[in-house]
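Visitor: So that we are looking at the same thing, I have put the structure below in structure tokens.
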Amino acid sequence: MTKAQKSLFKQLKRDKHREAFVEMLIGQQSKLGKYSHWAPKYLRKCLKKKVKPISAVKDVA
């Protein structure tokens, strides 16, 4: 995630909007390649913070 994407994600308040943003991010990263390490790290971060991860990330990881 770039700094701009991270700050945009933090501004989103509704879970529905955050889920859509992460799905868009996964699609972007799959087209660009080289970002296969992101999904497992995101899942680990969610588990550490005790937050339910988005289902689209579970499918990718």
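The values are calculated or read from the model by the stated rules, or taken from the named source; none is laboratory data. All of these numbers come straight from a predicted model, not from anything done at the bench. Positions of Cβ are generated from backbone atoms using ideal geometry, with glycine treated the same way; all protein chains shown enter the neighbour counts. In case anyone asks, the SASA skips ligands and DNA or RNA and just uses the protein heavy atoms, side chains included. Shrake-Rupley method; radii C 1.70, N 1.55, O 1.52, S 1.80 Å.
Visitor: Would you check which residues across region 13-29 are surrounded by 10 or more Cβ atoms within 10 Å (Cβ to Cβ) and over 9 Å from the mean Cα position of the chain (by Cα) and list them?
Guide: If the condition is that a residue be surrounded by 10 or more Cβ atoms within 10 Å (Cβ to Cβ) and over 9 Å from the mean Cα position of the chain (by Cα), then D15, H17, A20, G27, Q28, Q29 are the ones that fit.
Visitor: Between K41, K10, K34, which is outside any helix (DSSP H, G or I) and open to solvent by 100 Å² or more (accessible area, probe 1.4 Å)?
Guide: Unique residue meeting the criteria: K34.
Visitor: Let me ask something else. I'd like the full set of residues that are open to solvent by 90 Å² or more (accessible area, probe 1.4 Å) and at pLDDT below 85, limited to region 44-55.
Guide: Scanning region 44-55 gives a single hit, K52.
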